[in-house]
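Each value in this text was obtained by applying a stated rule to the coordinates, not by laboratory testing. No experiment lies behind these values; they were computed from the predicted model shown. FYI the Cβ positions are ideal-geometry reconstructions off the backbone, even for glycines, and counts take in every protein chain you see.
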Amino acid sequence: MNIPKTSFPRIVIIGGGFAGIALAKKLSKQEVQVILLDKNNYHTFQPLLYQVSTGGLEPDSIAYPIRKILKDFPNFYFRLANVESINHQDKLVNTNIGELNFDYLVIASGSQTNYYGNSEIKKHSMAMKTIPQSLNLRSLILENFEDALLTPDLNERNALMNFVIVGGGPTGVELAGALAEIKKGILPKDYPDLDTRLAQIHIVQGENRLLYGMSNKSSEKAEKFLEKLGVHVWKNLRVTNYDGTTVTTNSDVSFETATVVWAAGVKGATINGIDAKDLIGPGNRIMVNEFNQVKGFSDIFAIGDIAFMKTKKFPNGLPMVAQPAIQQGRLLGENLIRIVKKKPLKSFVYKDKGSMATIGRNKAVVDLKKFKFQGVFAWYVWMFVHLFFIIGFRNRIIVFINWVYNYIRFDREARLIIRPYKKSHKS
Ligand SMILES: Cc1cc2nc3c(=O)[nH]c(=O)nc-3n(C[C@H](O)[C@H](O)[C@H](O)COP(=O)(O)OP(=O)(O)OC[C@H]3O[C@@H](n4cnc5c(N)ncnc54)[C@H](O)[C@@H]3O)c2cc1C
């Protein structure tokens, strides 16, 4: 991999997501050699993927080059590499560009869409976990309307304009709200010769309320906001299959649709070699102790979505959201230096800063530790927090300008079919 050997201990990080980047930043001025491996040369700000899917933002504004993040850090190396396996006996990682030895290894590989073993759903539905997937969804949504305009078959037209979102968490809710706003504000202008009132947006939630991880009040408000926007909210309903045409559920409700977005869950993106059954906990996540050490290892760590850390408050593991990933990355940076200096390690304590979701223009719900609020103010808070956490000054400015423009003009200019997507092309 063309990386020099030095007298410093070598720390290899797999993954430049929230966790990996927070860790790298913490190690930036230390006497260690750090090698960050990622299969993409950019960091993705996943919370805004839905805006890329719905033409609100260009993909570049939610991505940031990893090399640029690391450019001022001495003893840092980035390699664009897909890590294929880990050989813990020989302290090696095997990648598509060769092997690399490590003194300490940090797995920060995040998560992937969980289809719960249903290959039909995996084959026919759309995921929204990466930028390419979000671009596929953007193309598909727009192509559906172009096709709806042409077909003389009413059933086919309805199916093309019928959108089913599976999963009533923040991702599903935010996407449903954005689609509803497109239906209301953009479709009638773009397609004056199509009866876009026929477009339907359904959100299907297995639990008895949306935003199950948030307060009852936020769930109720989010549901009200969505219904006001014309979204059909289905609760206590589980999707059992989708064959590319019909969505079946655990009741007699079914949907004829050309587009299903699967936002019903994620699971850990494990890597061969550290995936033995006794290392993997619920959600396909790697079991770690309070120092993020992988069960049975003192020199291999896992942080972020991939790490299953059980606490008193979170017996099913910490939530798979950005804050635990960032906080674990930061503490592990400190702990790795402690290990090198032979000092005792600090235990991880999760500081829950709350959660939030936006449903659309002037509509958001925010649950903080002491305050819970919904509506316009919550929407401003949501925007401020997201702008604050996006990496890169330019990205912040671009996202801000886009949001102001979209707000004033009731518009989403990135509704472009740059890379056409046909469902039949899906492998
Ligand atoms: C659509 C969506 C919306 C979300 N909204 C929110 C939100 O509003 N608020 C919130 O707090 N959280 C949100 N989340 C969750 C949040 O994005 C994750 O919890 C967070 O990204 C986890 O950080 P991580 O570093 O563990 O993993 P990630 O950020 O996923 O990073 C993992 C990195 O590892 C790399 N990688 C994986 N496998 C390999 C391999 N084998 N070889 C090389 N590189 C590899 C990937 O390319 C990636 O860069 C959302 C997630 C999604 C998908």
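Odds and ends about this structure:
- Meets criteria (in a loop (DSSP other than H, G, I, E, B), charged (D, E, K, R) and surrounded by 14 or more Cβ atoms within 10 Å (Cβ to Cβ)) for Asp305: no
- Here Asn316, Asn272, Asn284, Asn250 are screened, and the one residue that is within 30 Å of Ala199 (Cβ to Cβ) and out of contact with any Phe, Trp or Tyr (no Cβ under 7 Å at 6 or more places or on another chain) is Asn250.
- Boolean, Leu211 is within 16 Å of the ligand (Cβ to nearest atom) and surrounded by 15 or more Cβ atoms within 10 Å (Cβ to Cβ): yes
- Test: residue in region 149-160 that is within 14 Å of the ligand (Cβ to nearest atom) and either outside any helix (DSSP H, G or I) or surrounded by fewer than 22 Cβ atoms within 10 Å (Cβ to Cβ) (or both): no
- Close pairs from region 180-192: first within 15 Å of Val231 (Cβ to Cβ), partner assigned to a helix (DSSP H, G or I) and polar (S, T, N, Q), Cβ under 8 Å, at least 6 apart: Lys183/Thr196; Leu187/Thr196
- Of all residues in region 319-336, those satisfying the criterion of being surrounded by fewer than 24 Cβ atoms within 10 Å (Cβ to Cβ) and closer than 18 Å to Gln46 by Cβ are Pro319, Met320, Val321, Ala322, Gln323, Ile326, Gln327.
- Strands (runs of 3 or more DSSP E) wholly inside region 223-264 containing at least 3 residues that are of a type in the set (Val, Ile, Thr): 246-249, 259-262
- Matching entry among Val52, Val83, Val93, Val106 (being buried (at least 21 other Cβ atoms within 10 Å of the Cβ), of a type outside the set (Gly, Ala, Ser), within 12 Å of the ligand (Cβ to nearest atom) and closer than 23 Å to Val261 by Cα): Val52
- Yes/no for Asn114 being out of contact with any Phe, Trp or Tyr (no Cβ under 6 Å at 6 or more places or on another chain), polar (S, T, N, Q) and near the ligand (Cβ under 10 Å from one of its atoms): no
- The residue pairs whose first member lies in region 381-393 and is farther than 15 Å from Gln323 by Cβ and more than 12 Å from the ligand (Cβ to nearest atom), whose second member is of a type in the set (Ser, Thr, Tyr) and not in a helix (DSSP H, G or I), and whose beta carbons are closer than 7 Å, counting only pairs six or more residues apart or on different chains, are Gly392/Tyr64.
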